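Single-structure report; data block below.
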Amino acid sequence: MTLSRPSLESLTSLEGVRAFRHRNYRLFFGGQGISLIGTWMQSVAQSWLVLQLTGDPFVLGIVAAFQFLPVLVLGLFGGLIADQLPKRRTMLVTQAFAMLMSFLMFGLTVTNTVQVWEVLAIALLIGVRNAVDLPTRQAFAVEMVGREDISNAVAMNSAMFNGARIVGPAIAGLVIGAFGVPLAFLIDALSFLAVMVALWLMDEKELRLPPQLPRPHGAREVLANLREGVAYVANTRVVLLATLVVGLVATFGMNFTVLVPPLAQEVLHSDAAGYGFLMAASGLGSLVAALAIAFRKRIRPVAIVAGAAVLGLAEVASGISTSFALTLVAMFIVGVGGITMAATANTVIQLTVPDELRGRVLSVYTTVFAGSTPVGGPVMGAIAGGFGVATALVVGGVLSTLVATIGWLSLRTGAVPSTAPSASTSPRTSVGLGSQAPQLAGRPRP
């Protein structure tokens with residue numbers, strides 16, 4: 001039954017779903033939601049495939065490193081591209097490229113010719129795509145909904161992401177168990193059509209496009225543009241806190257594609273379906289946290305460190321547990337803590353940064369967040385291979401809790417503002433700017 005226009009307006013007037021007032025965002029949400037289910041299926045299938053090919057958690061860490069190393073190396077340039085090129089059209093290209101990679105994985109697995117080096121090569125190519133796609137997609141949200149609804153859009157994006165994280169791994173586990181990994185890769189490839197159609201149907205006139213920035217000419221101007229984004233992060237304390245806490249916790253405590261497959265297989269004596277349900281439990285916790293954030297009227301940076309502490313303690317519990325049921329509960333709590341930390345950090349940054357620097361600042365954040373995997377993945381995989389996956393989970397959880405404690409002390413001592421700007425706050429006077437941010441060398445504050 002189709003909703004009438006008055007009932008749709010009544011629904012989208014609710015505080016927690018106000019981003020849906022915008023048609024372009026509704027299209028994006030629907031298309032991206034379908035595509036993300038396929039992406040999570042691909043993630044589960046890739047991890048399970050590598051584990052079956054090698055039996056070594058360290059190789060899982062290497063694959064994760066290959067997939068995110070380009071983000072670490074090229075992420076800042078991806079932010080510059082996001083600020084310079086039309087984001088909707090850029091995303092059409094990045095989505096088409098990802099679809100091609102998934103079809104390639106399907107072809108290699110269905111013919112039973114896949115080798116580890118091929119998985120590594122495709123992971124590297126996906127990483128190059130992510131270096132452009134991640135900051136572009138993050139910065140595109142404000143163009144669809146405007147600054148007044150960006151906090152709700154970030155929360156709803158997190159809910160969408162983690163809703164897919166519940167459904168995708170669960171379906172993947174069942175599909176892999178019944179039909180093998182090739183079908184999971186095929187479903188992922190086809191799912192990209194949904195987001196590409198959604199982007200194609202958007203009304204570009206309704207997008208809140210930022211002023212067109214002059215194109216940099218030559219390496220010197222490119223580097224100057226990159227430095228401007230990095231300097232903003234370094235000199236805006238609340239943005240720096242959000243970036244560092246998320247980056248460090250992601251390095252040590254969020255290596256689930258590396259650690260959860262051997263946890264399911266070696267410690268809990270489960271199969272691909274069990275792995276899928278462990279990931280789905282984490283996704284369910286994340287979804288609950290994301291919806292709670294969506295209906296929250298005030299965003300406070302203390303939620304970043306609180307979420308990091310919850311994630312760390314729950315990860316320690318998952319390392320100690322030998323019961324599948326208790327580990328499911330621990331993974332649920334891990335999800336609650338992780339999305340509370342990450343979604344709050346993203347919202348604080350989105351509300352603080354001026355529009356003309358959005359892509360570059362978000363590229364710093366995504367570079368640190370996603371780029372932490374090339375460091376954390378192999379390290380935690382090596383610990384799991386040498387001392388057991390339980391030890392790796394406990395080490396990651398303890399380090400995450402330590403990062404949260406240091407962040408909390410920074411808030412308590414007043415080194416970082418304890419409140420974030422509201423959506424109506426001017427970016428030039430919002431928290432983290434003004435007297436809280438020292439003037440950039442030789443130029444006014446951005």
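The values are calculated or read from the model by the stated rules, or taken from the named source; none is laboratory data. Predicted model, so just to flag it, every value in this text is computed and none were measured. Quick reminder, even Gly has a Cβ in these numbers, built from the backbone with ideal geometry, and neighbours come from all protein chains shown. Keep in mind that these areas ignore ligands, DNA and RNA; they rest on the heavy atoms of the full protein, side chains included. Shrake-Rupley method; radii C 1.70, N 1.55, O 1.52, S 1.80 Å.
Before moving on, here are some points about what is shown:
- Answer residue from region 319-334, given it is free of Cβ contacts under 8 Å to residues at least 24 places away in the same chain and under 22 Å from residue 257 (Cβ atoms) and is surrounded by the fewest Cβ atoms within 10 Å (Cβ to Cβ) among those: 326
- Some residue of region 238-246 being more than 26 Å from residue 351 (Cα to Cα) and buried (at least 24 other Cβ atoms within 10 Å of the Cβ): no
- The number of residues in region 284-318 that are open to solvent by 20 Å² or more (accessible area, probe 1.4 Å), within 19 Å of the chain's Cα centre (by Cα) and closer than 22 Å to residue 394 by Cβ comes to 3.
- Residues that are under 28 Å from residue 352 (Cα atoms) and among the small types (Gly, Ala, Ser) were ranked within region 392-417; the one that is modelled with the lowest pLDDT is 415.
- Residues located in region 67-91, provided they are part of a helix (DSSP H, G or I) and closer than 16 Å to residue 207 by Cα: 82, 83, 84, 87, 88, 89, 90, 91
- Scanning region 128-173 for residues that are modelled with pLDDT of 85 or more, within 23 Å of residue 354 (Cβ to Cβ) and of a type in the set (Val, Ile, Thr) returns 132, 136, 145.
For every residue, the table says whether it meets (1) over 24 Å from residue 106 (Cα atoms); (2) open to solvent by 10 Å² or more (accessible area, probe 1.4 Å); (3) in contact with a strand residue (DSSP E or B) (Cβ under 8 Å, 6 or more places away or on another chain); (4) not in a helix (DSSP H, G or I).
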{"position": "144", "(1), (2), (3), (4)": "yes, no, no, no"}
{"position": "150", "(1), (2), (3), (4)": "yes, no, no, no"}
{"position": "156", "(1), (2), (3), (4)": "yes, yes, no, no"}
{"position": "160", "(1), (2), (3), (4)": "yes, yes, no, no"}
{"position": "169", "(1), (2), (3), (4)": "no, no, no, no"}
{"position": "178", "(1), (2), (3), (4)": "no, yes, no, no"}
{"position": "184", "(1), (2), (3), (4)": "no, no, no, no"}
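- A residue that is closer than 19 Å to residue 229 by Cα and not hydrophobic (A, V, I, L, M, F, W, C) cannot be found anywhere in region 108-127.
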